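Structure first, then comments.
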Amino acid sequence: MKHLDEQKKANALVKAYCDADPRFGYVDIAPLMYGADGKLDPALFAKDGLHLSPAGYEKWSAAVAAAL
């Protein structure tokens with residue numbers, strides 16, 4: 001969470017790049033990572049709090065598959 005502002009800026013840059021070229025698409029997975037309380041869902045992350053857990057990868061995979 002301490003890097004959330006940098007993450008948002010980086011994601012905005014990547015999205016702008018993708019939007020400028022029809023060969024690319026952008027899948028915004030960030031909203032999927034939060035629970036109903038507005039906080040990151042710890043169940044979606046491994047114990048280190050950085051890498052995804054199997055449940056996190058399932059969410060990402062579903063979002064990417066839906067975008068394809």
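The values are calculated or read from the model by the stated rules, or taken from the named source; none is laboratory data. Since this is a predicted model, take the numbers as computed values, not measurements. Note that each Cβ is placed from the backbone with ideal geometry, even for glycine, and that neighbours are counted across all protein chains shown. Note: areas computed on protein heavy atoms with side chains; ligands, DNA, RNA excluded. Shrake-Rupley method; radii C 1.70, N 1.55, O 1.52, S 1.80 Å.
So here's what we get for this one:
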item: Sole residue being open to solvent by 50 Å² or more (accessible area, probe 1.4 Å), over 21 Å from Met1 (Cα atoms) and at pLDDT 95 or above, chosen from Ala16, Ala12; result: Ala16
item: Subset of segment 19-41 [open to solvent by less than 100 Å² (accessible area, probe 1.4 Å), over 23 Å from Leu68 (Cβ atoms) and either free of Cβ contacts under 8 Å to residues at least 24 places away in the same chain or touching a His at 6+ places or on another chain (Cβ under 9 Å) (or both)]; result: Tyr34, Gly35, Gly38, Asp41
item: Residue list for segment 45-68, restricted to those being surrounded by 12 or more Cβ atoms within 10 Å (Cβ to Cβ), under 13 Å from Asp28 (Cα atoms) and small (Gly, Ala, Ser); result: Ala62, Ala63
item: Within segment 35-63, considering residues that are of a type in the set (A, V, I, L, M) and not in a loop (DSSP other than H, G, I, E, B), the one farthest from Leu4 (Cα to Cα); result: Ala62
item: Which numbered condition Val27 misses (of (1) among the aliphatic types (A, V, I, L, M); (2) within 14 Å of the chain's Cα centre (by Cα); (3) outside any loop (DSSP other than H, G, I, E, B)); result: (3)
